[in-house]
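J.: Below is one structure. I have some questions about it.
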Amino acid sequence: MSRDQENTLTIIVPCFNEEEVLPETLKELGAILKREINNQKVSSKSKILFVNDGSKDQTWQLISEYSAKYDYVTGIKFSRNYGHQNALLAGMSVAVKYSDMMITIDADLQDDVNAIPKMVEKYFDVYDVIYGVRSSRKTDSFFKRRTALAFYSLMGKLGVNLVPDSADYRLLSKRATESLLRFKERNLFLRGMVPLVGYRSTKVYYVRKERFAGKSKYPLSKMLHFALDGITSFSIAPIHLILYLGLLTVVISIVCMVYTIVEKCLGHVVSGWSSLMISIWLLGGVQLISISVIGEYIGKIFSEVKHRPRFTIETENYTQKMKEQN
Ligand code: UDP
Ligand code: MG
């Protein structure tokens with residue numbers, strides 16, 4: 001082992017209405033964590049940290065119950081729902097003080113927990129960022145597979161460095177987490193931000209499974225919004241695109257103008273009602289799209305300059321448990 005810290009691991013699990021899966025999640029993550037502790041891969045202070053993201057069901061009651069019962073279980077309770085990305089960030093910001101490595105994983109057991117020991121192994125090979133990458137997308141629908149592929153390829157073309165097929169299942173070292181926490185943006189798109197942190201990174205492959213129980217909290221509308229957020233938070237290429245579109249339209253209209261003047265001089269009667277209609281509609285459409293793209297960026301600026309807190313923690317027992325053990 002080439003790392004000289006205590007090697008405390010915290011597994012961060014965002015939870016939004018996950019009462020149906022939580023007992024199983026605890027069982028599987030608990031078993032893995034205990035094995036890692038017994039094999040002396042990670043310190044005995046290592047923890048599971050559930051982040052309750054304003055659940056409406058019994059999720060928080062379950063987390064409290066588990067934390068009272070098991071010393072390796074801890075929890076954060078948000079004052080309301082702040083979203084998956086904020087829940088991950090909150091978990092990291094609380095855990096980073098006492099933890100040397102942080103793994104984020106979804107609560108629904110879609111991410112294979114058996115990749116955790118492999119990630120820890122890589123951590124000792126002195127990697128700071130270890131991505132969990134899906135080796136297959138068999139469990140995703142055809143539609144989700146196609147759209148995901150299109151999204152990654154579009155992002156690549158826009159010059160945004162993403163690791164394809166990696167979601168928010170990853171291990172970050174303490175220093176990588178500290179660096180990530182210095183990013184102050186409100187519009188979070190962690191999978192775009194993590195590669196910007198730098199350090200040595202690697203991948204661990206796993207097979208993504210079906211959700212163990214409950215429903216996806218990412219319906220199509222939320223997914224689209226997330227993708228759009230990802231694009232506009234990381235690239236201003238759409239604005240450049242508008243410029244090119246505008247230039248192209250100008251060129252076309254100059255050609256049209258010349259043509260119209262020539263026709264007029266030749267004394268031909270221009271019956272151009274259809275061409276007029278077409279250009280009005282076309283230009284109107286182009287303008288509306290352009291304005292909405294610019295609006296998207298202004299909206300981003302608007303939400304960033306307000307500097308609102310990214311989340312509010314109502315209560316949390318991680319820090320206290322860690323203090324008692326130190
Ligand atoms: N989640 C969250 N807050 C939200 C939505 C989701 O903390 O507002 C959590 C959810 O409990 C789960 C993870 O984010 O642990 C991923 O959500 P989900 O499995 O529903 O997404 P999918 O896998 O379908 O993309
Ligand atoms: Mg899921």
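The values are calculated or read from the model by the stated rules, or taken from the named source; none is laboratory data. Values in this document were obtained by computation on a predicted structure and should not be read as measured data. Cβ sites come from the backbone with ideal geometry, for glycine too, and all protein chains shown count toward neighbours.
J.: Residue check: is Tyr131 of a type in the set (Phe, Trp, Tyr), away from ligand 1 (no atom under 15 Å from the Cβ) and in a helix (DSSP H, G or I)?
T.: no
J.: Return the residue satisfying two criteria in turn: it lies in the range 206-224 and is aromatic (Phe, Trp, Tyr) and in a loop (DSSP other than H, G, I, E, B), and of such residues it is farthest from ligand 1 (Cβ to nearest atom).
T.: Per the stated criteria, the residue is Phe212.
J.: While we're looking at this one, here's another question. Quick one: which residue in Ser135, Ser141 is surrounded by fewer than 21 Cβ atoms within 10 Å (Cβ to Cβ) and within 16 Å of ligand 2 (Cβ to nearest atom)?
T.: None of the other options fit; the residue is Ser141.
J.: Same structure, new question: Which of (1) surrounded by fewer than 20 Cβ atoms within 10 Å (Cβ to Cβ); (2) closer than 22 Å to Thr177 by Cβ does Asp100 not meet, given it meets every other one?
T.: (1) is the only condition that Asp100 fails.
J.: Just to check your reading of the model, which residue among Ile254, Ile242, Ile231 is more than 16 Å from ligand 1 (Cβ to nearest atom), touching a Ser or Thr at 6+ places or on another chain (Cβ under 9 Å) and not assigned by TED's automatic domain parsing to the domain that holds Leu158?
T.: Going through Ile254, Ile242, Ile231 in turn, the sole match is Ile242.
J.: Pairs needed: first member in the range 289-300, within 13 Å of Leu243 (Cβ to Cβ) and in the same structural domain as Asn187 (by TED's automatic domain parsing); second member anywhere, loosely packed, with under 13 Cβ neighbours inside 10 Å and among the charged types (D, E, K, R); C-beta distance under 7 Å; at least 6 residues apart or different chains.
T.: Here the result reads none, with nothing in the range 289-300 linked to a residue that is loosely packed, with under 13 Cβ neighbours inside 10 Å and among the charged types (D, E, K, R).
J.: Here's another thing I want to ask about it. For Leu149, state whether it is of a type in the set (A, V, I, L, M) and either within 28 Å of Thr59 (Cβ to Cβ) or in contact (Cβ under 8 Å) with a residue 24 or more places away in the chain (or both).
T.: No; evaluated as a whole, the condition is false for this residue.
J.: Has the range 44-51 got any residue that is closer than 22 Å to Glu185 by Cα and either of a type outside the set (S, T, N, Q) or within 16 Å of ligand 2 (Cβ to nearest atom) (or both)?
T.: yes
J.: Filter the range 132-147 for residues that are under 13 Å from Met223 (Cα atoms) and either of a type in the set (Phe, Trp, Tyr) or in contact with an Asp or Glu (Cβ under 7 Å, 6 or more places away or on another chain) (or both) and give the result.
T.: Within the range 132-147, Phe143 is the sole residue that qualifies.
J.: Enumerate the pairs (first residue in the range 211-226 and under 11 Å from Glu18 (Cα atoms); second residue anywhere and more than 9 Å from ligand 1 (Cβ to nearest atom)) with beta-carbon separation below 7 Å, excluding pairs fewer than 6 apart on the same chain, so at least 6 apart or on different chains.
T.: Qualifying pairs under 7 Å: Phe212/Glu24; Phe212/Leu109; Ala213/Glu20; Gly214/Glu20.
Table: residues versus (1) within 26 Å of Gln5 (Cβ to Cβ); (2) in contact with an Asp or Glu (Cβ under 6 Å, 6 or more places away or on another chain); (3) crowded, with 19+ Cβ neighbours inside 10 Å.
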| position | (1), (2), (3) |
| --- | --- |
| Leu171 | yes, no, yes |
| Glu178 | yes, no, no |
| Leu181 | yes, no, no |
| Lys184 | no, no, no |
| Met193 | yes, no, no |
| Tyr199 | yes, yes, no |
| Arg211 | no, yes, no |
| Met223 | no, no, no |
| Gly230 | no, no, yes |
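J.: Checking the structure you have, find out if any residue of the range 134-153 is farther than 26 Å from Glu304 by Cα, aliphatic (A, V, I, L, M) and at pLDDT 95 or above.
T.: Within the range 134-153 (the criterion being farther than 26 Å from Glu304 by Cα, aliphatic (A, V, I, L, M) and at pLDDT 95 or above), the answer is no, since none of the residues qualifies.
J.: Among the residues of the range 118-141, how many are more than 15 Å from Arg208 (Cα to Cα) and over 18 Å from the mean Cα position of the chain (by Cα)?
T.: So the count comes out to 11.
J.: Residue by residue through the range 26-66, note down the ones that are among the polar types (S, T, N, Q) and more than 27 Å from the chain's Cα centre (by Cα).
T.: Within the range 26-66, Asn38, Asn39, Gln40, Ser43, Ser44 meet the criteria.
J.: Hey, among the residues in the range 77-117 that are among the basic types (Lys, Arg) and modelled with pLDDT of 95 or more, which one's nearest to ligand 1 (Cβ to nearest atom)?
T.: Filtering the range 77-117 for residues among the basic types (Lys, Arg) gives 77, 80, 97.
Next, only the ones that are modelled with pLDDT of 95 or more stay: 77, 80.
Values: Lys77: 12, Arg80: 10 Å.
Once the filter is applied, the top-ranked residue is Arg80.
J.: I need the full set of residues from the range 6-46 which are surrounded by 24 or more Cβ atoms within 10 Å (Cβ to Cβ), among the charged types (D, E, K, R) and closer than 23 Å to Ser173 by Cα, in order please.
T.: none
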